[in-house]
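Below is one structure, written out as structure tokens; the observations come after it.
The values are calculated or read from the model by the stated rules, or taken from the named source; none is laboratory data. What you see is a predicted model; the values in this text were computed from it and never measured. A quick note on method: Cβ atoms are made from the backbone with ideal geometry, for glycine too, and the neighbour counts reach across all protein chains shown. These accessible areas exclude ligands, DNA and RNA; they are computed on the full protein's heavy atoms, side chains included. Shrake-Rupley method; radii C 1.70, N 1.55, O 1.52, S 1.80 Å.
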Amino acid sequence: MKLQRKRIYEIIEVSHENDILSKAYDIWMVFVIILSIIPLCFVKTTYILTFIDKVTAFIFIIDYLLRFATADFVSEKKGILAFIIYPFRFLAIIDLLSILPSLINLNKAFKIFKTFRLMKTFRVFKVFRYSKNIQIIKTVIVTKKDDLLTVGILSLTYIFISALIVFQVEPETFGNLFKAIYWATVSLTTVGYGDIYPTSNIGKIISMISSFLGIAIVALPSGIIISGYQDALNNYTKS
């Protein structure tokens with residue numbers, strides 16, 4: 001029984017170059033994920049779209065149950081603890097969120113249909129499990145999490161300070177601090193939608209400084225991820 005479960009785990013979780021069943025399962029699941037997204041591309045639901053949604057949801061349920069049944073192979077914890085922890089893993093939560101909207105039909109009783117459709121978009125994240133490049137990026141993020149966290153805190157701090165300064169300079173333009181934070185965020189990312197902006201000379205100077213510093217701050221995480229990705233790719237090639 002344990003050998004059978006281990007073989008199932010190897011097929012659904014581990015993709016070896018010489019394991020035809022494992023590679024076929026990965027390709028099959030990516031196809032199902034793409035197929036499951038089709039109904040989300042239409043406003044009105046038809047019989048065919050509903051059928052696609054139900055069939056793909058059923059396949060996701062089988063996949064979830066198989067992964068739950070082999071949770072002790074993927075987790076560092078052993079025994080029953082592995083099965084208790086599994087539903088709280090990130091990808092397991094994504095799996096569950098992508099399945100629930102198809103099982104619960106509450107749109108007629110409650111006005112939360114759009115919320116349930118939104119939850120179905122989590123199916124896109126299921127692709128992460130089947131892409132080696134995405135797995136490498138995941139490894140990079142985990143490895144460089146301290147550096148990325150530092151940059152993230154720096155960015156949030158800069159946004160808050162910029163928003164606070166410009167709000168004090170032009171309170172009549174922004175109205176409230178949230179609008180100032182929104183402006184600081186789009187300025188930091190150098191997007192600049194133009195729906196709200198400073199009108200005074202001092203405000204425009206602050207905006208220019210914010211944009212220039214934003215270029216530098218946005219470039220930091222990109223450099224960290226690229227450097228980590230190159231290292232991870234070299235290690236993967238060597239192994």
> If we scan the range 59-74, do we find a residue that is open to solvent by 70 Å² or more (accessible area, probe 1.4 Å), among the aliphatic types (A, V, I, L, M) and more than 20 Å from PHE125 (Cα to Cα)?
Replying inline: no
> Only one of these conditions is not met by ILE112: (1) in contact with a Leu (Cβ under 9 Å, 6 or more places away or on another chain); (2) open to solvent by 40 Å² or more (accessible area, probe 1.4 Å); (3) among the aliphatic types (A, V, I, L, M); (4) at pLDDT 85 or above. Which number is it?
Replying inline: (4)
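Determine, yes or no, whether SER162 is at pLDDT 85 or above, touching a Ser or Thr at 6+ places or on another chain (Cβ under 7 Å), part of a helix (DSSP H, G or I) and farther than 30 Å from THR143 by Cα.
So SER162 passes the test.
Looking only at the range 191-203, count how many residues are within 19 Å of ILE217 (Cβ to Cβ) and open to solvent by less than 80 Å² (accessible area, probe 1.4 Å).
The qualifying residues number 2.
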> What number of residues within the range 128-159 satisfy the criterion of being outside any helix (DSSP H, G or I) and among the aromatic types (Phe, Trp, Tyr)?
Replying inline: 0
>> With the requirement that a residue be closer than 29 Å to GLY194 by Cα, open to solvent by less than 60 Å² (accessible area, probe 1.4 Å) and among the β-branched types (Val, Ile, Thr), what does the range 122-164 give you?
In response: VAL151, ILE159
> Looking at the range 32-76, which of its residues are of a type in the set (D, E, K, R) and within 19 Å of ARG7 (Cα to Cα)?
Replying inline: ASP63, ARG67, ASP72, GLU76
>> Restricting to the range 165-189, give me the number of residues that are farther than 15 Å from ILE205 by Cα and open to solvent by 50 Å² or more (accessible area, probe 1.4 Å).
In response: 11
>> If the requirement is being farther than 19 Å from ILE99 by Cα and in contact with a helix residue (DSSP H, G or I) (Cβ under 8 Å, 6 or more places away or on another chain), which of these qualifies: PHE60, PHE73, PHE42, PHE68?
In response: PHE73
> How many residues does the range 45-69 contain that are of a type in the set (A, V, I, L, M, F, W, C) and more than 19 Å from GLU10 (Cβ to Cβ)?
Replying inline: 10
> Looking only at the range 75-90, which residues are assigned to a helix (DSSP H, G or I), out of contact with any Ser or Thr (no Cβ under 6 Å at 6 or more places or on another chain) and buried (at least 16 other Cβ atoms within 10 Å of the Cβ)?
Replying inline: TYR86
> Residues of the range 28-47 being loosely packed, with under 11 Cβ neighbours inside 10 Å and part of a helix (DSSP H, G or I), which ones?
Replying inline: CYS41, TYR47
>> Restricting to the range 169-221, name every residue that is among the β-branched types (Val, Ile, Thr), in contact (Cβ under 8 Å) with a residue 12 or more places away in the chain and within 24 Å of LEU149 (Cα to Cα).
In response: ILE181, THR185, THR189, THR190, ILE215, ILE217, VAL218
